[in-house]
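Remarks on the structure that follows.
The values are calculated or read from the model by the stated rules, or taken from the named source; none is laboratory data. This one's a predicted model, so the numbers in the text were calculated from it and none came from an experiment. Here Cβ is always computed from backbone atoms with ideal geometry, including for glycine, and neighbour counts include all displayed protein chains. We work out accessible area using only protein heavy atoms, side chains counted, and drop any ligands, DNA or RNA first. Shrake-Rupley method; radii C 1.70, N 1.55, O 1.52, S 1.80 Å.
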Amino acid sequence: MSKPTRRQGSAVYYARRVIPKDLQKTYGRREVWKSLGVTDFEQAKPLERLQQIAWDDEFIAAKAKLLPSAAPTAPRPPLTPTQQAERDSQQFEWERENDAYWAENDPYPDYEDLTAEEQRIRDAVETARERWEQEQREDREFARQERLAEAADAKASAPAPPSALGTPLSAVVERWAANQTNQKTIDRMKRVVAWFEDDMGRVPVEEITPETVDSWVEKLLKKTSPANARTKLSNFKALLRVAWLKARLIPSNPASGVTIDVKADPEEDVQPFDLPALKAIFASPIYTNNERPEAGAGEAAYWLPLLALYTGARLNEVGQLRPADVLKTPYLDQNGEDQEAWCIRIVADKKDGLGSGLNRSPPSDGCGE
């Protein structure tokens, strides 16, 4: 009995069938393969049975097409008088032997020699034989229909994948993660997949096209900055590269030609935090329970959001501040009198590797008494 099989380097199951010898020349190969579109063996079994039945019908139809197209045989030349006489003699001899055989082995004589009772018995035997042959034909057809129904029921009861038949992105992530040692990197890739599926649905890898990726990028740019969107796209490209080169699930990388331009001017595309985002930040355990998460670099998790809130600076700007950037600065108050206040200075300093700051001079950055 056949069963689903995999091709080397592929996680998808296939149905496989050797083509009948008299059809191999027509098909141009020795066997046929058909992708079942699933990676689970239990899901593949009923699909494989249905494909085998489909091939049965296909090969029967292909053989029927060969009959009319067969080259006509050349007409036989007429027999000579000697050949005809010999053929007649052979035919006469065969008929004589055939009659002799049935004379010895036929349990009944010819119909015209039967009594009424013998005719009734012979008719009953032939009727029973015809009925038995009809029942055999019906039993074979019933068994065929039963196999079809069984395969259809098995397909209907099999757990369906979350979307159309195909390989989910989560399966590609698992394959990619097998060679990763950093859990943070794995979690980041899972979040990228979650972003994609939130926007585009659970699209199987085999159905992702360049148009799919373009559409996702458009949705990304409406929700996040170009720089963040480009990072997510870069991770997504790496995942699809695994599906292409490692798993052999797709013929090429559909995201390879998709790009996101990030403008060099840091003043542009700066998205402010809205009120719900600010509430979520300052209602976190860092502020409510005085916690300091390890990933938050200790006190930086507490002070950086506060500095950004009160100065209007971005986190990557306040995160690059040096002691020399905190200084007392003189200024005139509303009465015109000289005053001093502690301020922070944010400038772009390529020499010290601080290349992502805005050129600002105090006291506009943020000062306090």
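A few notes on this one:
- Flagged links, alpha-carbon separation over 18 Å, of 45/190; 3/45; 222/279; 21/63; 34/63; 21/65: 45/190; 222/279; 34/63
- Region 123-259: relative contact order in percent, alpha carbon pairs under 8 Å with at least 6 residues between: 24 percent
- Size of region 139-248: Rg and Dmax of its alpha carbons, in Å, are 19.1, 69.
- Remark on region 192-322: hydrodynamic radius 17.5 angstrom, per the Kirkwood mean of 1/r across alpha carbon pairs.
- Counted residue by residue at 0.36 nm each, then reduced by the alpha carbon distance between them, the extension gain from residue 281 to residue 215 reaches 20.7 nm.
- Carbon and sulfur %, accessible surface of region 189-282 computed with the full protein complex present, 1.4 Å: 52 percent
- The residues of region 181-321 present an accessible area of 61 Å² per residue when probed at 1.4 Å with all protein chains retained.
- Region 303-337 and region 197-238: distance between their alpha carbon centers, rounded to Å: 37 Å
- Sorting the segments 8-19, 52-63, 229-240 by their residues' average number of neighbouring beta-carbon atoms within 10 angstrom, most packed first, yields 229-240, 8-19, 52-63.
- Per-residue extension of 0.36 nm, minus the Cα-Cα distance of residue 245 and residue 119, leaves a gain of 37.5 nm for this segment.
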